[in-house]
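Notes follow the structure.
The numbers here are math on the coordinates, done by the rules we state, and not lab data. Predicted, not measured: the structure shown is a model, and the values here were computed from it. Every residue, glycine as well, gets a Cβ built from its backbone with ideal geometry; the counts of neighbours run over all protein chains shown.
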Amino acid sequence: MCQVDEDFQGQLEHTEVPSISKKCVKCKEKTAVVVIRAGDTYCRDCFREYFIHKFRAMLGKNRIIFPGEKVLLAVSGGPSSCSMLSQVQEGLSQNAHKKLRFIPGIVYIDEGAAAGRSVDDRKTAMAQMQTLFEATGFPFHLVPLEQVLDLSPSVLVMAPSPSEQPGSAYKAAVDQFIQSKGHWPPRPQDQDQDQDLDQASLPDIQESHTQLLQQLMSSTKTQTAREELLSMLRQHLLVHTARTKGYSKLMLGDCCSRLAVKLLSSIALGRGAQLAQDTGFSDSRYGDIITVRPMRDYSSKEIVFYNHMFKVPSIFIPGLDTMTADKSSIQRLTESFVTKLQADFPSTVSTIYRTSEKLQTAWKGSCAADVCDTCLLCLCALDTTVENASAFQATLISEQLSQTKPPETSSAINPNLNPGSALATTTGQCCSGEGECGKKGGGCCSSPRVPETTDMRSLLCYSCRQTVKDMSSVDHLPAYILLEAQRRNRRSQMREQISEFILDEGV
Amino acid sequence: MPVLCSSCADKRAVLKRPKTGHSLCKECFFWAFEEEVHQTIVAAQLFKHGETVGIAASGGKDSTVLAHVMKVLNERYNYGLELMLLSVDEGITGYRDDSLETVKRNQQQYELPLKIVSYEELYGWTMDAIVKQVGLKNNCTFCGVFRRQALDRGAIMLKVDKICTGHNADDVAETVLMNVLRGDIARLRRCTAISTTSEGDGVVPRCKPLKYAYEKEIVLYAYFKKLDYFSTECIYSPNAYRGHARTFLKDLESVRPSSIMDVIHSGENLSVREGVKMPVQGTCSRCGYISSQALCKSCVLLEGLNRGLPKLGIGKHHRLHDKILSQQPLTEKEERKLKSVDF
């Protein structure tokens, strides 16, 4: 019945067990040293070439990074992002023909506060990262997660994208760049001077800020929601850093294995509508800053082999999910599921990954629409329009029905099959009958909560609602989120008041 | 301290709803469960007044609860539907013969007409005979493909307008995960649809009224209603790979109970990139049933069985379709590949 199963069967029959004396499949001369997939054995040199080519090909194929553009590399210290960093270094040192033509910078977000690490541990990690980055000669920014508390609400607003550059413009820009040969290669000291503020000394961490972050994390009841929240905050901080330091692209080191896990966990978290943005090569949800994932073609195995063979340094820094049990969170559970399945069925990761390539964002047209249509936390288009017969609506109905008194049998009968009529009755019972709900002490919408939360919910996408639901109070969220929520609520109230005078929707 | 029902705030709660976590008394749970199925039926406009609807009944918990709830709702809300039970006898001794006994009892309890179609009369093969030839691996492919068609054939014999099946939320979510793992983008897009649109002759539209009902709640409902159902796993081992998806979903549910609905929500909101190749629906040139290939899966499987080459329908052998259609013999090499492998 299952295709994967069958495909795998076929492979088993055909591939021989690779032996040590096997020759490289590429040059067919040297002895192979690494088996990437069953049957694909490479010698050291060919593997290196293959690996390097793949990076450049990924960027070349997508034509998104223009020559001379400032690109911010998000490096966590892990093997994948460190490998990405080494590929950028490699690309910049190539001869003119193959050279990468953008101007890189590095950012490291220190999440020690969220992961509950000691100040000393964090300082050590920070110093290690500093040493690593200094060796590259690129400008870098070491940013503690605490800085997220100082963000302004504008980070949650989609900025207008500079100007749509068509694909044809890319080649012209490249040609022009090669001809002008301006101030190339850029010497690190030529770059803007403000960067040294970041790297001169390790950034100070305000203890009060650390405590606030920890409060936020502990007010979040599940590890699943904690991980989601952390990834949102991290993303906001990355975008903010890119904007303030003048970068227009943000490079993430997500590899194929990572993305397969992310895709499956996104599905489990209800982020189906946002899948393409969450896992695709490029993501333009922030408007001006485009996120790119150039490592998405590499499996984690390839990366680790490369890093090992060519001495690419990486630093292990424990995070929020380090040493947690398989079932501690949806994300962690998915990771262990995919890893285990991959061991039995080697095509698992690549199959899931290929699925991601066939998807697109459901709400493509809404890019230009009002900001109110995007989720407050993840900035994706909202997927919560109540449609007849949807999982979202079914859940709302279940919650209402479990809290409202069933009518007496006689009044329950609603003999017509008119869609919506029966529905309207139940909705009315829940939300209008405040007095009745008050008696039960439960509040009318699902659980006892301050009105602010309910207000905030309407600004969130399906999945982010689930995340916020797992928080005991939204008051611990950073001020920029709360302020923006209030602003959006005021806007929508205003719009309601004047709705009859507005001619065109989406203005 | 007894917990009070969160719905009527009067009686003592006897259960905690797996779907929402609320504590409910028996009556309020029955009411909520039935009402939800009703809302699904109304919102998705599954039926029209006066239609004849076949309930696919296996005797298991889902179809038993479905038959019960459909009968209750049809009377309570005056749907004006004529309900019938439709069963498929796959010919599995020690499994289906027992469960069909349950269906026959249900028929009497619910006073609904029952039609049983068997693989033997439709295809000339029982599952017992198929397993004898193909072994325990891949036999679920035969059973699944044949059942789909058998239900349609039975529905046409009964002259029903629609078939409703007992697929629950867990089944739908599991299928979403399964199709992601298989990279089957066409099915991934289709599998969350609550009803199939009429696809042509020989195919009766289907719907899943229990699409948003949790499996656990179905069991709770059957348990407290003391419904008579058959609960034994099929003796021809369940599909191993689907088993992985199932275990994963159960684990997800234990971490976050809303996961099942979250997965369905994801599935409902996926959209496929333009230009991705999708199979085109055509008809089988042998039997006229819907098929994306020259021959439908069921005809290929049957051909394989009749030729003694059971692996013909397993995996992708589209290139052989022309040969089968023109009744040409296969080459020795092709034959060797398609013979059953002994483990």
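Normalised by the number of residues in the stretch B:37-269, the mean separation of alpha-carbon contacts (under 8 Å, six or more apart) gives a relative contact order of 25 percent.
Adding -39500 (n - 2.57) for every DSSP H run of four residues or longer, then dividing by how many residues chain B holds, sets the calculated 222 nm ellipticity at -14500 deg cm²/dmol. When B:T102, B:T93, A:T355 are arranged by Cβ crowding within 10 Å, least crowded first, meaning fewest neighbours, the order is B:T93, B:T102, A:T355.
If a/c stays under 1.5 just call it rounded; otherwise compare a/b with b/c (prolate if a/b is bigger, oblate if not). Do that for the stretch B:37-269, with a ≥ b ≥ c from the square roots of the Cα gyration tensor eigenvalues. Rounded, because the longest to shortest axis ratio a/c is under 1.5.
In plain terms, the residue of A:M232, B:M278, A:M295 with the fewest other Cβ atoms within 10 Å comes first and the most crowded comes last, giving B:M278, A:M232, A:M295. Just check the stretch B:282-339 against the gyration tensor rule for me: Cα atoms, a ≥ b ≥ c as the square roots of the eigenvalues, rounded for a/c under 1.5, and otherwise prolate or oblate depending on whether a/b exceeds b/c. Prolate, since a/c reaches 1.5 and a/b exceeds b/c. Proximity of backbone amide H atoms, modeled 1.01 Å from N, is registered between A:Q360 and B:S271, B:V272, B:R273 at under 5 Å, excluding neighbours fewer than 5 places apart on the same chain. Take every pair of alpha-carbon atoms less than 8 Å apart whose residues are at least six positions apart; their mean separation over the length of the stretch B:282-339 yields a relative contact order of 26 percent. Restricting the GluC sites (Glu not before Pro) of the stretch B:36-103 to loop positions (DSSP other than H, G, I, E, B) with no more than 16 neighbouring Cβ atoms within 10 Å leaves B:E51. Taking a ≥ b ≥ c as the square roots of the eigenvalues of the Cα gyration tensor, the stretch A:218-354 is rounded, since a/c falls below 1.5. Placing dummy labels 7 Å off each Cα toward the beta-carbon, the span from A:T324 to A:K28 is 5.1 nm. Once the Cβ-Cβ distance between B:T247 and B:V280 is put in as r, and R0 is 35 Å, what FRET efficiency do you end up with, to the nearest 0.05? According to the calculation, E is roughly 0.50. Which one, B:Y241, B:V176, B:I163, projects farthest toward the positive side of the charge dipole computed for the stretch B:37-269 from Cβ point charges (K/R +1, D/E -1)? Farthest along the dipole direction, towards plus: B:V176.
Here's how it looks for B:L15: its modeled amide H is under 5 Å from those of B:L24, which are all 5 or more places away or on a different chain. Of A:I103, B:I116, A:I267, the sequence from fewest to most neighbouring Cβ atoms within 10 angstrom is B:I116, A:I103, A:I267.
Have a look at the DSSP beta bridges in the stretch B:37-269 and tell me what percent are antiparallel, nearest 5.
Here the share of antiparallel DSSP bridges comes out near 5 percent.
The 3J(HN,Hα) values that the Karplus relation (6.51, -1.76, 1.60; θ = phi - 60°) gives for the stretch A:275-288 are, in residue order, 3, 4, 6, 5, 10, x, 5, 10, 9, 10, 5, 8, x, 7 Hz. Gly and Pro appear as x.
For chain B, take the longest principal axis of its alpha carbons; what is the angle in degrees between that and the long axis of helix B:96-110, to the nearest 10 within 0 to 90? The angle comes out at about 40 degrees.
DSSP loop (so not H, G, I, E, B), at most 12 other Cβ within 10 Å: list which chymotrypsin sites (Phe, Trp or Tyr not before Pro) in the stretch A:285-323 pass both filters.
In loop regions of the stretch A:285-323 (DSSP not H, G, I, E or B), the sparsely surrounded chymotrypsin sites (Phe, Trp or Tyr not before Pro) are A:F316.
Across the stretch A:219-358, C-alpha contacts under 8 Å between residues 6 or more apart give a mean separation that, scaled by the residue count, equals a relative contact order of 32 percent. Remark on A:K23: its backbone amide H falls under 5 Å from those of A:A32, a criterion applied only to residues 5 or more positions apart or on other chains, H modelled at 1.01 Å from N. Applying 1/(1 + (r/R0)^6) with r as the Cβ-Cβ distance of B:E75 and B:M157 and R0 = 30 angstrom yields a FRET efficiency of 0.70.
Relative to one another, the C-alpha centroids of the stretch B:169-224 and the stretch A:253-317 are positioned 31 Å apart. What is the list of residues in the stretch A:284-328 whose amide nitrogen lies under 14 Å from a point 7 angstrom out from the Cα of A:S154, following Cα to Cβ? Output list for this probe position: A:288-289. Computed from the C-beta positions of B:K323 and B:T93 and an R0 of 41 Å, the FRET efficiency is 0.70 to the nearest 0.05.
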